[in-house]
Amino acid sequence: MTETELHIFLLNNYQLFRALHIIAVIAWMAGLLYLPRLFVYHVDAGKEGAAMLQVMERRLLRFIMNPAMIAAWIFGLLMIWANTGLLSNGWMHVKLTAVVAMTVVHHIYGRWRKSFERGQNQKPAKFYKIWNEVPTVLMIIIVFMAVTEPF
Ligand code: HEM
């Protein structure tokens with residue numbers, strides 16, 4: 001496939017990538033907003049409850065959040081590849097900065113999940129309630145940038 005053919009392929013499938021991007025983003029956000037909530041319950045859970053929450057947290061991260069994050073990145077980057085001009089927009093700079101922050105939060109949640117799994121969590125439920133709001137704030141910034149393209 002020549003470079004031109006590849007670029008035509010990317011442009012012809014742009015709307016498909018955008019739809020798949022938004023689907024992946026919805027699944028990723030669902031996990032980022034739910035996992036810290038499970039941590040809140042996990043802090044005060046008894047032995048049986050903790051064992052069940054451990055399974056729920058591991059499955060949520062491995063089978064929903066990780067694939068969804070990877071898919072959001074792949075389809076987002078395919079759209080940038082199809083339209084590199086997007087990178088000269090201020091709103092895309094703000095959006096990608098918030099998206100990188102969201103990806104860091106994802107990895108921080110993964111480390112906390114492991115500390116629960118090892119029975120080493122020291123943090124109170126209130127700590128996870130506060131962190132539950134971080135992806136919400138980032139999501140609001142990202143969606144406003146992506147949809148309104150203000151600058
Ligand atoms: C993971 C890395 C991400 C990359 C590389 C990326 C990149 C992009 C690109 C290039 C577009 C198309 C822009 C256009 O054609 O105008 C787009 C659309 C969009 N993105 Fe992302 N994005 C990412 C993550 C996210 C996240 C985390 C959210 C939400 C929390 C999000 C929400 C959206 C929305 C709602 C649109 C559609 C905007 C519209 O069609 O009006 N993106 N993204």
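The table below lists the values:
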| quantity | calculated |
| --- | --- |
| Cα-based Rg of the chain normalised by 2.2 N^0.38 Å, two decimals | 1.23 |
| FRET efficiency for TYR34 and TRP73, using Cβ-Cβ distance with R0 set to 22 Å, rounded to 0.05 | 0.65 |
| Charge context of HIS107, other residues only, Cβ under 12 angstrom, K/R +1, D/E -1 | +3 |
| Tilt relative to the chain, helix 134-148 - C-alpha long axis, 0 to 90 degrees, to 10 | 20 |
| Cα-centred dipole magnitude for the chain, charges only on beta-carbon of K, R (+1) and D, E (-1), debye, nearest 20 | 700 |
| GNM result for the chain, Cα springs below 10 Å: residue of TYR128, TYR34, TYR109 fluctuating most strongly | TYR34 |
| Reach of LYS123 by Cα under 17 Å, taken over lysines that are not fewer than 8 positions away in the same chain | LYS114 |
| Proximal aspartates and glutamates to LYS129, defined as alpha-carbon separation beneath 18 angstrom and excluding residues fewer than eight positions away on the same chain | ASP44, GLU57 |
| Accessible area of LYS129 in the full protein assembly, 1.4 Å probe (Å², nearest 10) | 100 |
| Å² of accessible area per residue within segment 35-137, as computed with a 1.4 Å probe and no ligands counted | 55 |
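The values are calculated or read from the model by the stated rules, or taken from the named source; none is laboratory data. This is a predicted model, so every value here is computed, not measured. Neighbour counts run over all protein chains shown; Cβ positions are idealised from the backbone, glycine included. Remember, those area values only see protein heavy atoms, side chains included, never the ligands or the DNA or RNA. Shrake-Rupley method; radii C 1.70, N 1.55, O 1.52, S 1.80 Å.
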